Amino acid sequence: MTVDQNTLRRRGVGLIAHDPERSHGGLTLYTPITSAGEIHLVDIEGRPVHTWNSPHPPGRQAQLLPGGNLFYAAKDTTGPTLFPIWDVYHGGIFQELAPDSTVLREVRHPFHHHDASVLRNGNLLIGAVEPLAPADAARIRGGIPGSEAPGGVIYGDVVYELTWDGEIVWRWAAIEHLDPEEVPLNRHFARNHWPMANTVNESADGSIVVGFRSASTTVSVDRADGSVRWRIGPDVLAQQHHPHELPGGTLLVFDNGTYRDTTSVPYSRVLELDPHTGEEVWSYKDNPPQNFFSPYMSSAQRLPGGNTFVAEGSFGRLFEVTPEGDVVWEFVVPQFRSFGEGVGLESSAGAQNSVFRAYRYAAAEIPWL
């Protein structure tokens, strides 16, 4: 018998565990990061329910809109390569897809990367980059010496509010509102991109949460003047993903922990924090903690009733935990695929089932099912 040489796939895929008495239930949406453009919806037993198909591979992820259409952030493979890993995490195409995958509307931006979301007013919120002026690039601290983009360029994060007609109606630039001395790059990250935003989303009061992986920092931005209302830094977070506000005003975040300063053992955790103080309200980690670890990507979602849905993104492991930390549902993404030759760095080699983010939905949120 031939042994499957993919370590993750060999351990088992699909539905791994389900406690129907304590699971919240619902349907799970995920987008394999190496997908050719397929977005999957499965039921609580892990059975396929629906698949969307786009001619474009994912920029990062997809999520359902009110009414059941799909918002898909796809990758424009014809754009420029700013630096090696740019080809892994840039996007550039935003689509609203009908259930039959018909493109209802589309807009593009060549320098988008990582996250994008739809604002309550219907416009898009996207992360992008702009090259820093040489004087500003000289102010950037940390990172791997000599790892700037070609020509010594450092790209700085910007957040745009973008209409579906392609007009930028609001702009926020990290270099204009953050002091590089106070937000240095972790020494393990390249200096081609500062501070590397992987999350942009809207809070209930209209402010914007932005998470910066390479600086282990999350901020809240005032839409009126661009000021930073609060900041949580590397004394609490370590290469985090998907910080977002919960209905009660706390912050839920997937804390990856790749280079956490307080331990020699990397492990991930999910944190619920008071955003103004950084104090922990609730947390989840495994026992032993190193059993739960995603070095990059990943997300967490608080479900009605108090359970938390987690995507351990690097390994395509999706699971649900109770407030007490008990796992009551677990599913491993069965779709494995390679990025292709010449894309990115060592983490992009080989067939993988990783996901940037995943979401759980109630059936009532998908009226066409």
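Structure notes:
- The relative contact order of the chain comes to 16 percent, based on Cα pairs under 8 Å that sit 6 or more residues apart.
- For the chain, the longest piece that avoids every one of the GluC sites (Glu not before Pro) found in DSSP loops with at most 12 other C-beta atoms within 10 Å covers 46-166.
- About the Cα centre, charge dipole magnitude for the chain (Lys/Arg +1, Asp/Glu -1 at Cβ), debye: 720
- Alpha carbon convex hull of segment 122-223, projected area averaged over orientations, nm²: 6.7
- For trypsin sites (Lys or Arg not before Pro), the sites in segment 71-130 that DSSP calls loop and that have at most 14 other Cβ atoms within 10 Å are 120.
- What separates the Cα centres of segment 299-365 and segment 40-78 is a distance of 14 Å.
- Estimated FRET transfer efficiency (residue 338, residue 153; beta-carbon r; R0 25 Å; 0.05): 0.25
- Cleavage-rule hits (trypsin sites (Lys or Arg not before Pro)) in segment 6-71: DSSP loop, at most 15 neighbouring Cβ within 10 angstrom: 11
- Whole-number percent relative contact order across segment 133-202, with pairs defined as alpha carbons under 8 Å at least 6 apart: 44
- Isotropically averaged projected area of segment 214-369, using the convex hull of Cα atoms (one quarter of hull area), nm²: 12.1
- Computed helical MRE - 222 nm, the chain, DSSP H runs ≥ 4 contributing -39500 (n - 2.57), nearest 500: -500 deg cm²/dmol
- Toward the positive end of the charge dipole of the chain, with +1 on the Cβ of Lys and Arg and -1 on the Cβ of Asp and Glu, the farthest Cα among 94, 162, 364 is that of 94.
- With R₀ fixed at 35 Å, the C-beta to C-beta distance from residue 169 to residue 4 puts the FRET efficiency at about 0.10.
- Residues in segment 240-292 average 47 Å² of solvent-accessible surface per residue, probe 1.4 Å, ligands and nucleic acids excluded.
- Residue-normalised accessible area of segment 129-225, expressed per residue, 1.4 Å probe, Å²: 39
- If you sort the three axes of the alpha carbon gyration tensor as a ≥ b ≥ c, you get a/c of 1.5 or more for segment 23-169 and a/b above b/c, which makes it prolate.
- For the chain, with all protein chains in place and a probe radius of 1.4 Å, 50% of the accessible heavy-atom surface sits on carbon or sulfur.
- Applying the criteria of a DSSP loop state and at most 16 other Cβ atoms within 10 Å to the trypsin sites (Lys or Arg not before Pro) of segment 195-231 yields 223.
- Note on segment 282-298 and segment 170-237: Cα centroid distance 23 Å, given to the nearest whole angstrom.
- In terms of its C-alpha gyration tensor, segment 208-297 comes out prolate, because a/c is 1.5 or above and the ratio a/b outweighs b/c.
- Modelled spin-label separation between residue 364 and residue 105, with each label point placed 7 Å from Cα along the Cα-to-Cβ direction: 2.7 nm.
- Over all other residues within a Cβ to Cβ distance under 14 Å of residue 37, the charged ones net out to 0, with Lys and Arg as +1 and Asp and Glu as -1.
The values are calculated or read from the model by the stated rules, or taken from the named source; none is laboratory data. Just so we're clear, the structure is a prediction, and the values are computed from it rather than from any experiment. Positions of Cβ are generated from backbone atoms using ideal geometry, with glycine treated the same way; all protein chains shown enter the neighbour counts. These accessible areas exclude ligands, DNA and RNA; they are computed on the full protein's heavy atoms, side chains included. Shrake-Rupley method; radii C 1.70, N 1.55, O 1.52, S 1.80 Å.
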